[in-house]
Structure formats: structure tokens, C-alpha cells
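Chemist: Take this structure, written in C-alpha cells, and hold onto it; I'll ask about it next.
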């Protein structure tokens, strides 16, 4: 299988650049996708950008990743703090997953201290804005076998 990464983004990330730019920055998800695609060329990795506001769709993509991807970058957004379903879907994966957050959830609202994602992923990157996505891709380039 050619090295392919699913970059799965959760609720409200379609509003990046518009919603709370003081927290999430001014880049759009399309901007982040372009940044990742450019970086992916260096590593000869394909990246598929995905975003949904629906928990079940994210679970479906994680299940699809079992057979169609070599790794996953996941920004589960608010579902990080609520979704046992996404937690369970991640446990079913045998490919590396890197969790990414644009902001640092631990430095924000108290309810964001609950994280159902971190215990079942290879690593987590938070608080570095869009750079976190690039770092996640670089990590996956080291973790997934070359073809």
C-alpha cells in the first residue's frame, strides 16, 4: 500500500479563520490542508483532508482508515472531551494516530481536561497552531514504513 494519511478534523473546524481567531488563528482548514499537502510531497505521502461536524462520520472514517490509510492525523475538536465512540474506533486501529489540537485544551476551560483520545493514540501535539499538523505528518513519516 502506498503511504497515505487521513487527516480527520472534527466539529467546527470548517469555521477556522472565522471562529475565535484569537484562539484558533486566521488560517482556514483549506490553508492547513495546502500546507500539509506541500509537506507531504517531501515524504512521498498522500494526504486526504476530511472534516465533519458529525461524530458517526468520524467513526466511519477511522474504520475506513483500517484498510485505506497508513496513519491518521486526528483533530477530534470538541469530541476529544466527549466521544467514547471515537475512543473505541481508535482502539480498533493498528496504524499510528497522532492527535492534534490548534490550541492547548489543558490551558482552557476545565471541561477540556477530560480527553478520551490521548490514551489511545501514538502521540499528541497541542497549542502550536497549524505547525502541529506539520509536526504530526513528520512524525507519521517516521512511524509508517516506506513502500
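Chemist: Pop a pseudo-label 7 angstrom from the Cα along the beta-carbon direction at both residue 122 and residue 12 and give the gap in nm to one decimal.
Modeler: For residue 122 paired with residue 12, the spin-label model returns 2.9 nm.
Chemist: On a full-extension model of 0.36 nm per residue, what is the gain between residue 60 and residue 143, subtracting their alpha-carbon distance, rounded to one decimal in nm?
Modeler: 27.6 nm
Chemist: Please find the FRET efficiency linking residue 78 to residue 30, where r is the Cβ-Cβ separation and R0 is fixed at 22 Å, and quote it to the nearest 0.05.
Modeler: Efficiency computed from Cβ-Cβ geometry: 0.60.
Chemist: Taking only the alpha carbons of the chain, what extent do you get along each of the three principal axes, in Å, biggest first?
Modeler: 42, 31, 22
Chemist: With label points built 7 Å along Cα→Cβ from the Cα atoms of residue 23 and residue 68, find their separation and express it in nm.
Modeler: So the two model labels end up 3.1 nm from each other.
Chemist: Compare the peptides 72-83, 128-139 by average per-residue count of other Cβ atoms within 10 angstrom and give them in order, highest first.
Modeler: Highest mean packing first, the order is 72-83, 128-139.
Rule-based calculations on the coordinates, nothing more; no lab input. Nothing here was measured: the structure is a model prediction, and the numbers come from that model. Positions of Cβ are generated from backbone atoms using ideal geometry, with glycine treated the same way; all protein chains shown enter the neighbour counts.
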